[in-house]
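*Asks:* I'd like to ask some things about the structure below.
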Amino acid sequence: MLTQVLRRVFSFPVVLAGALLVLAVLTVQSRLSDPDLWWHLKMGQVIWTTHSIPATDLFSSTVRNQAIVPQEWLAQTAIYAAYLWGGYTGLMLWLCFLTAALLCAAYLLCSLYSGNPKVAFLGAMTVWFFAGIALTIRPQLIAYLLLVVELLLIHLGRTRNPRWFFFLPPLFALWINCHGSFVLGIAVAGVFLFSSLFRFEIGSLVAQPWDTRSRKLFQLAMILSVAALFLNPAGIRQILYPFDTLFNMHLLMADVEEWAPLQMNSPSGVALLAILLCCFLLPMLRRGVLFWHELLLLVLGTWLAVSHVRMLAAFGILAAPVFVRQLSGFWEGYNFQEDRIWINAVFLSVSLTIAFLVFPNRTSLEAQVEDQNPVKAVKFLEASRLPGPMLNDYTFGGYLIWAAPQYPVMIDGRTDLYEWSGFLGEFGSWASLKSDPHLLLDKYKVNFCLLNRESPMARVLPLLQGWKQIYSDNNSVIFARVESGHPAP
């Protein structure tokens, strides 16, 4: 009995999960300070301390009191809870845990789907490669984990017991309060429901209909899942928010790098094409099959990734199970009875030790924050008590919301708010030198500008009459409006 337990605890798949844990920590150890982290953290703090979810903006001078859709409130609260528990260390643990959970859940999904735990490791690595841009302390990381869990539940419902489908409604009730990508989850479920109606065989492409009971239970679970979407603080507005972002936020899609189309000659573009070739060619070369729902998921994932770089993670998650199933026949299966317990125990211990040793200490985390944010500039503002209004660099907005709440920001990573108000276009023209710099500064009566020292406007402002540089450090610079040779009061 003890031997059987040890074989499970120190099995080869568990060793591979340990390797994925090390990979997770190594990947994200230097990613504490995402520009959007800070306003998520501040919103979580507001929710945690006031026990209410804000319905209007609280942080900006240009869109203050504008209605907002709190579509990430639950994830933001979880992020703040991690900070409240352990400061920067708590945030890094949050990131490492969710990254490791994503990779391990993807490994479990690929293992169950392909029937080969050895090849399934390549599926987890596929998710890791394409999820690179998403592995930051942002609500979207929770959303991608939920997408993997959805695929797991659907697979278990199809292959083991349809009752697994009834975990989908609570999943979607959680999802809609964490991130707007719940729409992708509904689309994925719709693909499975649609494909379950077909029976055909065209070459290597095969459609297999579900049995009547499974289909009916899945349909009921999906009806309950859609109903569960209304368990949110903003009602129908929160459900429609993702569609508004996709179809009406033209400047957001054009100007924000992560929403840009995928360059097919980039490493990610080449890898995407390679995965697709394997998924389509291997069934023909080896007389295997590509299932109808797999084709539809590949089409959905490819369209998303090619349209927007940030959706590469979704492609990786949707494609990985299909990819490893096609490769499963190239490597013999796994037999846990052949495991060498003590060798596996040593490897697992080494993995856990490495993960512990490479986890960044507090000093390293503070250095990351200081290197990427205007930490010293904020200290200068606190000491000098320079009066606003302030115009800030776009990438600094989130940190200023968190660290200098006494200075309402002019812009930050909540690009949707600024596009709705029309300010995003104004600021974009100003920052890219497409308009007279005085126009924006005078319109909003800006008294000082806190900019990234590498921004184009940091070179222009010293040339403008009435502006003077009063502070500079390794990453930021402050210019103040002057009157008669002195900063304006």
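*Asks:* Is there a residue in the range 254-267 that is at pLDDT below 80, touching a Leu at 6+ places or on another chain (Cβ under 7 Å), not small (Gly, Ala, Ser) and not assigned by TED's automatic domain parsing to the domain that holds Leu205?
*Replies:* yes
*Asks:* Could you say whether any residue in the range 235-248 is surrounded by 13 or more Cβ atoms within 10 Å (Cβ to Cβ) and under 30 Å from Phe280 (Cβ atoms)?
*Replies:* yes
*Asks:* Among the residues of the range 455-473, write down those that are touching a residue at least 12 places away in the same chain (Cβ under 8 Å) and not small (Gly, Ala, Ser).
*Replies:* If the condition is that a residue be touching a residue at least 12 places away in the same chain (Cβ under 8 Å) and not small (Gly, Ala, Ser), then Pro456, Met457, Val460, Leu461, Pro462, Leu464, Trp467, Lys468, Ile470, Tyr471, Asp473 are the ones that fit.
*Asks:* Now for a separate question. What's the number of the only condition in (1) touching a Lys or Arg at 6+ places or on another chain (Cβ under 9 Å); (2) without any contact (Cβ under 8 Å) to a residue 12 or more places away in the chain that Asn161 fails to meet?
*Replies:* Looking at each condition in turn, Asn161 falls short on (1).
*Asks:* Here is a follow-up. Could you check Leu58 against (1) without any contact (Cβ under 8 Å) to a residue 40 or more places away in the chain; (2) assigned to a loop (DSSP other than H, G, I, E, B); (3) surrounded by 20 or more Cβ atoms within 10 Å (Cβ to Cβ) and say which number it fails?
*Replies:* With respect to (1) without any contact (Cβ under 8 Å) to a residue 40 or more places away in the chain; (2) assigned to a loop (DSSP other than H, G, I, E, B); (3) surrounded by 20 or more Cβ atoms within 10 Å (Cβ to Cβ), Leu58 is out only on (3).
*Asks:* Let me ask something else. Tally up the residues in the range 466-489 that are within 16 Å of Ser384 (Cα to Cα) and either over 35 Å from the mean Cα position of the chain (by Cα) or at pLDDT below 90 (or both), please.
*Replies:* 10
*Asks:* Okay, moving on. Among the residues of the range 87-95, is there at least one that is touching a Gly at 6+ places or on another chain (Cβ under 9 Å) and more than 26 Å from Val309 (Cβ to Cβ)?
*Replies:* The answer is yes, given that some residue of the range 87-95 is touching a Gly at 6+ places or on another chain (Cβ under 9 Å) and more than 26 Å from Val309 (Cβ to Cβ).
*Asks:* Related question: Which of the residues that make up the range 259-294 are outside any helix (DSSP H, G or I) and surrounded by fewer than 16 Cβ atoms within 10 Å (Cβ to Cβ)?
*Replies:* Within the range 259-294, Ala260, Pro261, Gln263, Met264, Asn265, Ser266, Arg286, Arg287, Gly288 qualify.
*Asks:* Still on this model: Exactly one of (1) out of contact with any helix residue (DSSP H, G or I) (no Cβ under 8 Å at 6 or more places or on another chain); (2) at pLDDT 95 or above is unmet by Leu20. Its number?
*Replies:* Only one criterion is unmet by Leu20, namely (1).
Residue-wise test of (1) assigned by TED's automatic domain parsing to the domain that holds Val148; (2) farther than 30 Å from Gly157 by Cβ; (3) under 19 Å from the mean Cα position of the chain (by Cα).
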{"position": "Val270", "(1), (2), (3)": "no, yes, no"}
{"position": "Val289", "(1), (2), (3)": "no, no, no"}
{"position": "Leu298", "(1), (2), (3)": "no, no, no"}
{"position": "Val309", "(1), (2), (3)": "no, yes, yes"}
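*Asks:* I would also like to ask the following. For the range 459-481, which residues satisfy the criterion of being assigned to a strand (DSSP E or B) and either under 20 Å from Ser429 (Cα atoms) or not basic (Lys, Arg) (or both)?
*Replies:* Result: Trp467, Gln469, Ile470, Tyr471, Ser472, Ser476, Val477, Ile478, Phe479, Ala480.
*Asks:* Being surrounded by 20 or more Cβ atoms within 10 Å (Cβ to Cβ) and assigned to a loop (DSSP other than H, G, I, E, B) is the filter here; which residues of the range 14-35 pass it?
*Replies:* Selection gives Leu32, Ser33.
*Asks:* Is the range 449-458 home to any residue that is on the phi < 0 side of the Ramachandran plot, surrounded by 15 or more Cβ atoms within 10 Å (Cβ to Cβ) and part of a helix (DSSP H, G or I)?
*Replies:* yes
*Asks:* Return the residues of the range 191-250 that are of a type in the set (D, E, K, R) and over 23 Å from Glu150 (Cα atoms); say none if nothing qualifies.
*Replies:* Those that are of a type in the set (D, E, K, R) and over 23 Å from Glu150 (Cα atoms): Arg199, Glu201, Arg237, Asp244.
*Asks:* Which ranges mark the helices (runs of 4 or more DSSP H) fully within the range 318-415 that have 2 or more residues being free of Cβ contacts under 8 Å to residues at least 24 places away in the same chain and more than 19 Å from Met457 (Cβ to Cβ)?
*Replies:* 341-358, 362-372, 375-384
*Asks:* Here's something else I'd like to know. For Gly87, only one of the following conditions fails: (1) farther than 23 Å from His179 by Cβ; (2) at pLDDT below 95. What is its number?
*Replies:* (2)
Yes/no matrix, rows are residues, columns are (1) over 29 Å from Trp259 (Cβ atoms); (2) aliphatic (A, V, I, L, M); (3) assigned by TED's automatic domain parsing to the domain that holds Val226:
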residue: Leu108; (1), (2), (3): yes, yes, yes
residue: Leu112; (1), (2), (3): yes, yes, yes
residue: Thr126; (1), (2), (3): no, no, yes
residue: Ile154; (1), (2), (3): no, yes, yes
residue: Val191; (1), (2), (3): no, yes, yes
residue: Ser204; (1), (2), (3): yes, no, yes
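*Asks:* Among the residues of the range 176-203, count how many are buried (at least 18 other Cβ atoms within 10 Å of the Cβ) and not aliphatic (A, V, I, L, M).
*Replies:* Residues that pass the stated criteria total 10.
*Asks:* Counting only residues that are surrounded by fewer than 20 Cβ atoms within 10 Å (Cβ to Cβ), of a type in the set (A, V, I, L, M) and under 16 Å from Asn373 (Cβ atoms), how many does the range 404-448 have?
*Replies:* 0
*Asks:* Considering each of Trp175, Trp164 in turn, give the residue that is closer than 16 Å to Ala78 by Cβ and at pLDDT 95 or above.
*Replies:* Trp175
*Asks:* Kindly indicate whether any position in the range 344-358 is within 24 Å of the chain's Cα centre (by Cα), crowded, with 17+ Cβ neighbours inside 10 Å and of a type in the set (Gly, Ala, Ser).
*Replies:* Looking for residues that are within 24 Å of the chain's Cα centre (by Cα), crowded, with 17+ Cβ neighbours inside 10 Å and of a type in the set (Gly, Ala, Ser), one finds at least one in the range 344-358, hence yes.
*Asks:* So which residues in the range 440-465 are over 33 Å from the mean Cα position of the chain (by Cα) and of a type in the set (Ser, Thr, Tyr), if there are any at all?
*Replies:* Tyr444
*Asks:* Just name the residue that is surrounded by the most Cβ atoms within 10 Å (Cβ to Cβ) out of those in the range 74-113 that are β-branched (Val, Ile, Thr) and over 27 Å from His155 (Cα atoms).
*Replies:* Checking each candidate, the answer is Ile79.
The values are calculated or read from the model by the stated rules, or taken from the named source; none is laboratory data. Everything numeric here is computed off the predicted structure, so don't read it as measured data. Every residue, glycine among them, receives a Cβ derived from its backbone with ideal geometry; neighbour counts consider all protein chains shown.
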